[in-house]
Amino acid sequence: MTLEIPNDLAIALEAAGQVHLLGSWDSLSEESRRNLLSALRALDLPQIQKLGEHLRKPIEHEAQSFEAPMTFPLERTEEQQAYAQKAIALGERLLSESKVGFVLVAGGQGSRLGFDGPKGMVGVGPVSGLSLFGWHAARLTAAKQRFGTRITWFVMTSATNNGATRAFFEEQDFFGLGSENVHFFTQEMLPALDQEGRIVRTTPDELFLAPNGHGGTLQALRSEGMLDLAASLGIEQFSYFQVDNPLVRPADPLFVGLHAMAEADMSSKVVTKNEPGEKVGVLGLADGKLGCIEYSDLPESLREERDSGGQLRFRAGNIAVHMIRREFAEQLTLDGQLDLPWHLARKNLKGINAEGQVAEIPGVKFETFVFDALGAAANSVTLEVRREEEFAPVKNAEGSDSPASCRLALTESFGRMLEAAGLDLPERNPDGTLPLEVDPRVAENVEQFCETQRQMTPDEDGWLYR
Ligand code: UTP
């Protein structure tokens with residue numbers, strides 16, 4: 001029997017302005033018809049209608065007032081130093097009691113990098129070639145050794161990279177962390193729309209779908225059962241981090257402790273913005289609500305304003321490293337209530353046009369951002385950290401924020417460890433990097449390296465401390 005378009009679906013598509021999706025129906029094979037039907041059945045048409053309306057009438061929220069956030073600074077008064085010591089002790093306790101679960105988000109498409117596979121597979125170890133996933137795993141293993149914490153690692157993927165990510169973890173034997181401690185969950189995908197709000201197709205029987213942004217993490221944690229799992233394991237806090245930054249410290253006792261001491265719902269790490277023109281979002285309050293203020297949204301006069309100490313007033317550069325209280329994530333996602341604002345990425349999408357031919361279609365992808373949840377947090381800590389020690393993202397194929405710049409930042413941080421320990425540095429490579437690597441399980445900062453370096457010697461093949 002030939003497959004026909006179910007009446008209710010045709011009516012619903014018509015009502016939602018998406019009837020063009022059935023345009024090629026008559027020429028489709030049975031299998032293609034089946035594919036298309038299941039893709040159409042999976043659509044949340046009311047939501048797509050809302051996205052379409054949003055597209056036609058973007059709601060412009062122009063904030064009237066901006067304030068810089070209170071930040072726990074790098075340069076600390078004596079009082080702040082004493083407070084930090086207490087926070088570290090609390091953070092170490094929470095880690096040792098395995099109250100912290102680790103959430104890595106790796107569902108993005110990495111389109112700027114253009115790597116064929118999940119971004120986490122990119123090798124950035126200057127000597128070892130260790131992958132981004134491998135760096136995160138090494139830091140978690142280090143946390144297990146240092147604090148005796150049980151590692152529970154929640155890894156978010158999306159339909160575009162879920163299979164390849166899982167296969168890589170298996171191939172790497174879960175980096176020694178135990179498959180039972182790694183929990184994959186997938187975020188939702190959303191259809192991309194053309195400028196009239198019609199869903200774009202990549203082929204006559206396939207829709208153009210894209211992951212719904214890292215803001216999708218919170219809902220996916222709930223719908224994929226991770227919040228319940230975390231609760232059953234006694235996890236009270238999530239340490240949230242992104243796949244592209246191998247310098248991130250997922251188990252930082254100071255950050256964990258400051259966040260817990262403040263009874264914060266969601267907290268953030270920031271790095272100091274280099275100069276007024278640096279195009280990074282800064283954390284701040286817009287009309288009294290905490291969030292990330294995009295570079296273009298901050299009035300130029302405020303971008304340049306300095307405080308009495310001569311520092312930029314709006315300098316809290318967002319690096320998307322957060323602590324999130326589990327119960328806060330539960331409240332936010334209760335009954336699918338999470339309502340984060342949409343960010344629109346306008347791009348030329350490779351799809352098929354009305355005539356069924358492959359074409360570049362001016363379209364829009366929709367995403368939500370995790371840091372928009374900060375606005376709902378009753379309490380929040382903003383901790384300033386050193387960029388050169390904690391932030392070296394891989395975003396682009398070349399130039400700044402590329403695998404090369406990331407490798408350089410890693411070797412520079414290892415170089416500082418050796419120098420602090422009074423050791424000679426090896427000769428630099430032609431590309432400026434040091435042929436040097438310190439395994440996070442040995443040391444993640446200068447102090448730890450100085451403590452342990454006496455018993456260590458570099459490997460024969462060069463300078464791989466492990
Ligand atoms: P980016 O915003 O840098 O996006 O993600 P990306 O996908 O890595 O790269 P481009 O923009 O396509 O070039 C920051 C972090 O958020 C994750 C990414 O995997 C990365 O860890 N992310 C992003 C998701 O998990 N899901 C998304 O839908 C988007």
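The values are calculated or read from the model by the stated rules, or taken from the named source; none is laboratory data. The model shown is predicted, which means the values in this text are computed figures rather than measured ones. Note: ideal-geometry Cβ built from the backbone for every residue, glycine included; neighbour counts use all protein chains shown. Surface accessibility is based on the protein's heavy atoms, side chains included, excluding ligands, DNA and RNA. Shrake-Rupley method; radii C 1.70, N 1.55, O 1.52, S 1.80 Å.
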(message) Filter region 252-305 down to the residues that are among the acidic types (Asp, Glu), open to solvent by less than 50 Å² (accessible area, probe 1.4 Å) and farther than 17 Å from Val385 by Cβ and list them by number.
(response) Asp265
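If you take the residues in region 199-223 that are more than 14 Å from the ligand (Cβ to nearest atom) and buried (at least 21 other Cβ atoms within 10 Å of the Cβ), which one is nearest to Leu104 (Cα to Cα)?
Within region 199-223, the subset more than 14 Å from the ligand (Cβ to nearest atom) is 199-208, 222-223.
From what's left, buried (at least 21 other Cβ atoms within 10 Å of the Cβ): 199-201, 205, 207-208.
Numbers: Ile199: 30, Val200: 30, Arg201: 30, Asp205: 33, Leu207: 27, Phe208: 25 Å.
Among them, the one singled out is Phe208.
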(request) From (1) within 16 Å of the ligand (Cβ to nearest atom); (2) open to solvent by 30 Å² or more (accessible area, probe 1.4 Å); (3) over 30 Å from Ala68 (Cβ atoms), pick out the condition that doesn't hold for Phe391. (result) (3)
(message) Here is a check on your reading of the model: is Arg76 more than 16 Å from the ligand (Cβ to nearest atom) and open to solvent by 60 Å² or more (accessible area, probe 1.4 Å)?
(response) yes
(request) Return the residue satisfying two criteria in turn: it lies in region 119-150 and is polar (S, T, N, Q) and out of contact with any strand residue (DSSP E or B) (no Cβ under 8 Å at 6 or more places or on another chain), and of such residues it is nearest to the ligand (Cβ to nearest atom). (result) Thr141
(request) Could you list, in sequence order, all residues of region 13-32 that are farther than 18 Å from Gln357 by Cα and surrounded by fewer than 17 Cβ atoms within 10 Å (Cβ to Cβ)? (result) Glu14, Ala15, Gly17, Glu30, Glu31
(request) Output the residues belonging to region 154-169 that are more than 14 Å from the ligand (Cβ to nearest atom) and touching a strand residue (DSSP E or B) at 6+ places or on another chain (Cβ under 7 Å). (result) Arg166, Phe169
(message) Is it the case, given these coordinates, that Ser239 is within 16 Å of the ligand (Cβ to nearest atom), at pLDDT 95 or above and among the polar types (S, T, N, Q)?
(response) yes
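Tally time: how many residues in region 154-211 are touching an Asp or Glu at 6+ places or on another chain (Cβ under 6 Å) and under 26 Å from Gly363 (Cβ atoms)?
Initial filter on region 154-211 (touching an Asp or Glu at 6+ places or on another chain (Cβ under 6 Å)): 185, 200.
Filter once more, so that each one left must be under 26 Å from Gly363 (Cβ atoms): 200.
So the answer is 1.
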(message) Take residues that are more than 24 Å from Pro403 (Cβ to Cβ) and tell me which of the strands (runs of 3 or more DSSP E) falling wholly in region 126-200 contain 3 or more.
(response) 182-186, 189-191
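Condition check: closer than 25 Å to Gln448 by Cβ, open to solvent by 10 Å² or more (accessible area, probe 1.4 Å), within 16 Å of the ligand (Cβ to nearest atom) and not acidic (Asp, Glu). Does Val248 satisfy that? So that I can check it myself, show each step before the final result.
On the way: closer than 25 Å to Gln448 by Cβ: yes; open to solvent by 10 Å² or more (accessible area, probe 1.4 Å): no; within 16 Å of the ligand (Cβ to nearest atom): yes; not acidic (Asp, Glu): yes.
So Val248 does not fit the description; no.
Taking the stated definitions as given, is Ser131 over 25 Å from Leu40 (Cα atoms) and either open to solvent by less than 20 Å² (accessible area, probe 1.4 Å) or in contact with an Asp or Glu (Cβ under 9 Å, 6 or more places away or on another chain) (or both)? Spell out the reasoning first.
Numbers: over 25 Å from Leu40 (Cα atoms): yes; either open to solvent by less than 20 Å² (accessible area, probe 1.4 Å) or in contact with an Asp or Glu (Cβ under 9 Å, 6 or more places away or on another chain) (or both): yes.
Spelling it out, Ser131 is indeed over 25 Å from Leu40 (Cα atoms) and either open to solvent by less than 20 Å² (accessible area, probe 1.4 Å) or in contact with an Asp or Glu (Cβ under 9 Å, 6 or more places away or on another chain) (or both).
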(message) Taking the condition of being within 6 Å of the ligand (Cβ to nearest atom) and either farther than 18 Å from Ala392 by Cα or open to solvent by 40 Å² or more (accessible area, probe 1.4 Å) (or both), how many residues in region 109-118 meet it?
(response) 3
(request) Looking at (1) away from the ligand (no atom under 12 Å from the Cβ); (2) more than 16 Å from Gly108 (Cα to Cα); (3) open to solvent by less than 10 Å² (accessible area, probe 1.4 Å), find the lone condition where Ala192 falls short. (result) (2)
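Only one of these is away from the ligand (no atom under 16 Å from the Cβ), surrounded by 12 or more Cβ atoms within 10 Å (Cβ to Cβ) and over 28 Å from Asp252 (Cα atoms): Ala68, Ala87, Ala63, Ala42. Name it. Before the answer, list the steps.
Numbers: Ala68 fails: over 28 Å from Asp252 (Cα atoms); Ala87 fails: over 28 Å from Asp252 (Cα atoms); Ala42 fails: surrounded by 12 or more Cβ atoms within 10 Å (Cβ to Cβ).
Checking each option against the conditions leaves just Ala63.
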(request) Pairs only if they're at least six apart or on different chains, beta carbon under 8 angstrom, first in region 76-103 and in a loop (DSSP other than H, G, I, E, B), second of a type in the set (Lys, Arg); list them, first residue then second. (result) Ser98/Arg150
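Which of the helices (runs of 4 or more DSSP H) found entirely inside region 366-466 contain at least 1 residues meeting this: of a type in the set (Lys, Arg) and in contact with a strand residue (DSSP E or B) (Cβ under 8 Å, 6 or more places away or on another chain)? Spell out the reasoning first.
Numbers: elements: 387-390, 403-420, 446-452.
Counting at least 1 such residues, we get 387-390.
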